[in-house]
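Peer 1: Quick one: this structure, given as structure tokens, is what I'll be asking you about.
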Amino acid sequence: MSTTPPLPIHERSPLGSRLPTLASGVVIAFVVGFTMYIAKSVLVPIVLGVLAMYVVVGMLRVLERASLGGYRLPVWVRYTLTLVGIGALFFALGVFVMSTADHALALAPYYQQSILEALQRAAAMLNIEREPTWATLRESLLAQVNIQRVATTAVASITGILGSFVVIFLYVAFLLLERRGFDGKIAAISDDPRAVARIRGVIENINARIGSYLALKTLLSVVLALVSWAVMRLMGLELAGFWAVVTGLLNFIPYLGTVISIALPVLMALVQFSDFGSVLALLAALAVVQFVIGNFIDPYVMGNSLNLSPVAILASLAVWSGLWGIAGAFLAVPVTASMVIVLSEFAGTRPVAVLLSRTGEV
């Protein structure tokens, strides 16, 4: 009596036939993720440089369309004006940050006294026998914190940020130089015109979506910063300009950026204002601004430019923040949108792209 041997696992069901591919994909994802984590100091400036180039290209297109009596600026003039403009913007931002730091140092004694009074009121409410003073607070702080290490870390962080700006600027400059010959390189990748056309289609799709997203998001961030500045200035909050700039930058971080951009000025108000009513009024005003722009103006202007589901945005924010820290939070949305476009071009990864999309159409 002969028996039929059992079928291999990969032939028993469609799921079984995909298990090796799925396992390989998971292993590759972990390897790529680990590589991106350990190489973040190299990769983050490159990705930021690529995104900055989108802004530069947008400025170049504006200058290209501009004409005076039919005369158009030469290419080298447009590139020079764009790079000088970006350099001037970074310089102005640095001057603004330095002036804000000087202002904050000048107000430090007032903040110190305000914090001490708030702590003493809290101690009285909690029936703590010994009211805190700066001497006791300093002793407790020094017992827990190594000031020299904190100062060294702060200086290293500032130096690293300034160095990153220089590196990003260099990447942008060299990417602009490569851009003029990039189309020829794409054409030389393959002898098959259909393959070349497919690659160009993917790149054009990424350029269109990411470029549109960055342009519209930057516009909304500027509007949000100006409205928030007006609210904070009207209510007399110190360093309103600085908090407005922070609010505009945090608008690029989905969901979490909104909470932080409200929390930071409110914490400042707790230190500055003596009455809790002013703090609550500022909290309510900033929350209304964020709600109106985030729920009415943002969807109207942005539409579905990136076609990412809210769950995918939250997951990408967690993943990229874990990999690249604060920079990853800023890069999460554009990088994930680019990945979805690329994944949608291959039959094996298209289901992943569909799951990450908002509408299911990729």
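Peer 1: Could you put K185, K217 in order of accessible surface area, largest first, with the 1.4 Å probe and the full protein assembly present?
Peer 2: K185, K217
Peer 1: What does the accessible area of D298 come to, in Å² to the nearest 10, when a probe of 1.4 Å is used?
Peer 2: Rounded to the nearest 10, the figure is 30 Å².
Peer 1: First measure r as the distance between the Cβ atoms of A287 and I203, then evaluate 1/(1 + (r/R0)^6) with R0 = 35 Å and state the FRET efficiency to the nearest 0.05.
Peer 2: According to the calculation, E is roughly 0.30.
Peer 1: A further question on this structure: Starting from 0.36 nm per residue, how many nanometres of slack lie between A188 and L234 once their C-alpha separation is accounted for? If you can, show how the numbers build up before the last one.
Peer 2: Working: separation 46, 0.36 × 46 = 16.56 nm, distance 5.91 nm.
That pair, A188 and L234, stretches by 10.7 nm at full extension.
Peer 1: Using the heavy atoms of the protein chains alone and a 1.4 angstrom probe, what is the accessible area of the range 204-362 per residue in square angstrom?
Peer 2: 48
Peer 1: How much accessible surface area, in Å² rounded to 10, belongs to the heavy atoms of T258 with a 1.4 Å probe?
Peer 2: T258 has an accessible surface of roughly 50 Å² with all protein chains in place.
Peer 1: I would also like to ask the following. Share of the range 298-362's accessible area from carbon and sulfur, percent, 1.4 Å?
Peer 2: 72
Peer 1: When N counts the residues of the range 261-317, how does its alpha-carbon radius of gyration compare numerically with 2.2 N^0.38 Å, as a ratio?
Peer 2: Taking N as the residue count of the range 261-317, the ratio is 1.53.
Peer 1: Then there is this: Would you pull out the residues with amide H under 5 Å of L237's amide H, same chain only if 5 or more places away, H placed 1.01 Å from N?
Peer 2: Placed amide hydrogens put nothing under 5 Å from L237.
Peer 1: While we're on this one: Can you pull the accessible area of E204 for me, 1.4 Å probe, Å² to the nearest 10?
Peer 2: In the full protein context, E204 sits at about 120 Å².
Peer 1: So, one more: Ordering T100, T218 from largest to smallest accessible area (1.4 angstrom probe), what's the sequence?
Peer 2: T218, T100
Peer 1: Ranked from the most accessible area to the least, with a 1.4 Å probe and all protein chains present, what is the order of Y300, Y54?
Peer 2: Listed by decreasing accessible area, they come as Y300, Y54.
Peer 1: While we're here: So what J values fall out for the range 263-278 if you push phi through Karplus, 6.51 cos²θ - 1.76 cosθ + 1.60 with θ = phi - 60°, rounded to Hz, Gly and Pro as x?
Peer 2: 3J(HN,Hα) across the range 263-278, in whole Hz: 5, 5, x, 5, 4, 4, 5, 4, 6, 7, 8, 8, 9, 6, x, 5.
The values are calculated or read from the model by the stated rules, or taken from the named source; none is laboratory data. These figures come from a predicted structure and were not determined experimentally. Cβ atoms come from the backbone with ideal geometry, glycine included; neighbour counts cover every protein chain shown. Each accessible area value is taken on the protein alone, full model and side chains, heavy atoms only, with ligands, DNA and RNA left out. Shrake-Rupley method; radii C 1.70, N 1.55, O 1.52, S 1.80 Å.
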